[in-house]
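Just below is one structure, and these are the notes that go with it.
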Amino acid sequence: MKGEEYAMNATQQVESKRNAGYRAAGMVEDGMAVGLGTGSTVFFAMERLGERIVRDGLHIVGIPTSYQAAIRARQYGIPLSSLDEHPELDIAIDGADQVDPALNLIKGRGAAHLREKCVCDAARKVLIVVDPTKMVDTLDAPVPVEVLPFASAGVFRRLALLGAGPVLREGVKKDGPVVTDNGNLIFDCDFGAIKKPGDLETKIATIPGALECGLFTAYGEKITIIVGEETGCRVVSLH
């Protein structure tokens, strides 16, 4: 089912996100190092993890993918560490902007996709928590590209040659561009329907100064999608 065809009101969407986040949190085991993504659905997972820490004595350590994730994790009482201390993670919980049937993802609406990809790569298992609107037949959302400011003009030109129609992401409640937690800029790139997301990810990766894009195509075998619905969840994986 295409995400845009799945109609949900705001209350239904919140409930579906909560169900997905809580289900993912229930799959975390004592002693795990847990990657913590950025976004509203992941925050529900953090909420439940905080409850388990208090109620059940769960011992975990979280590796946040952004300042926002770190702030929220601390609010829920989740101890934090870094990839330097935990270069291999037991599990990661993250969201996605879109998911296709091959479990290719578009991520980065929160401008944290560079760190999210680092955490995804480090994790043995990745839980992607979404509501049903994020499940699509073909990826077609804008692809964010994190760009070194020094090289922004050249990256813009190269992305335009790929047909991206790149747009510099502007701040909200801040004049000027969005600056990532890494001190870089974001170009949002509209490629239309992406028939071969792996090929496109490779092409973007060859552009000097394009540090990382929001296409995640190399991790399908370790990704499990948890699709929250009003009364529960369904789980999608390739294995």
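Values in this text are rule-based calculations from the coordinates and carry no lab data. Values in this document were obtained by computation on a predicted structure and should not be read as measured data. Using ideal geometry, Cβ is built from the backbone for each residue, glycine included, and neighbour counts are taken over all protein chains shown.
Looking at the range 177-239, which trypsin sites (Lys or Arg not before Pro) are DSSP coil and have at most 15 other C-beta atoms within 10 Å of their C-beta? Before the final figure, lay out each step's value.
Values: sites: K195, K203, K222, R234; in loops: K195.
Listed in order of number, the matching sites are K195.
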Highest GNM mean-square fluctuation among K173, K107, K125, for the chain with Cα springs under 10 Å, belongs to K173
Most fluctuating residue of I71, I194, I128 in a GNM of the chain with Cα springs under 10 Å: which is it? I71
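Run the count for the range 114-239, please: Lys pairs, Cα-Cα under 18 angstrom, 8 or more apart or on different chains.
On the way: K117/K125; K117/K203; K117/K222; K125/K222; K134/K195; K195/K203.
Value for the range 114-239: 6.
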Kindly provide the helix-only [θ] at 222 nm of the chain, computed as the sum of -39,500 (n - 2.57) over DSSP H runs of four or more divided by all residues, to the nearest 500 deg cm²/dmol? -9500 deg cm²/dmol
If the elastic network links every pair of Cα atoms under 10 Å, which of G108, G214, G163 fluctuates the most in the Gaussian network model of the chain? G163
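So for the range 1-74, Kirkwood radius off the Cα pairs, Stokes-Einstein at 10 °C and 1.306 mPa s: how many µm² s⁻¹? Numbers along the way, then the final one.
Working: Rh = 13.2 Å.
Translational D for this selection: 121 µm²/s.
Between S82 and C118, what is 0.36 nm times their sequence separation minus the Cα-Cα distance? Round to one decimal in nm.
Working: separation 36, 0.36 × 36 = 12.96 nm, distance 1.13 nm.
Full extension from S82 to C118 adds 11.8 nm.
Please compute the contact order of the chain in relative form: average sequence separation of alpha-carbon pairs under 8 Å and at least six residues apart, divided by the residue count, as a percent.
Details: 544 pairs, mean separation 57.9, N = 239.
Value for the chain: 24 percent.
Once you have the Cα-Cα distance between D56 and V167, take 0.36 nm times their residue separation minus that, and quote the gain in nm to one decimal.
Contour length minus Cα-Cα distance gives 35.3 nm.
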The simple spin-label model distance between A193 and D175, using points 7 Å out along Cα→Cβ, in nm, is 4.3
Report the calculated FRET efficiency for E15 and E221 (r = Cβ-Cβ distance, R0 = 30 Å), to the nearest 0.05. 0.50
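Report the net charge of residues surrounding A69, where surrounding means a beta-carbon distance below 12 angstrom and charges are Lys +1, Arg +1, Asp -1, Glu -1.
Working: positive: R72, R74, R115; negative: D94, E116, D181.
Summing Lys/Arg as +1 and Asp/Glu as -1 gives 0.
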Suppose the chain between Y67 and T231 were pulled fully straight at 0.36 nm per residue; how much longer would it get relative to their current alpha carbon spacing? 55.9 nm
Out of all Cα-Cα pairs in the chain, roughly what percent, to the nearest whole number, are more than 31 Å apart? 21
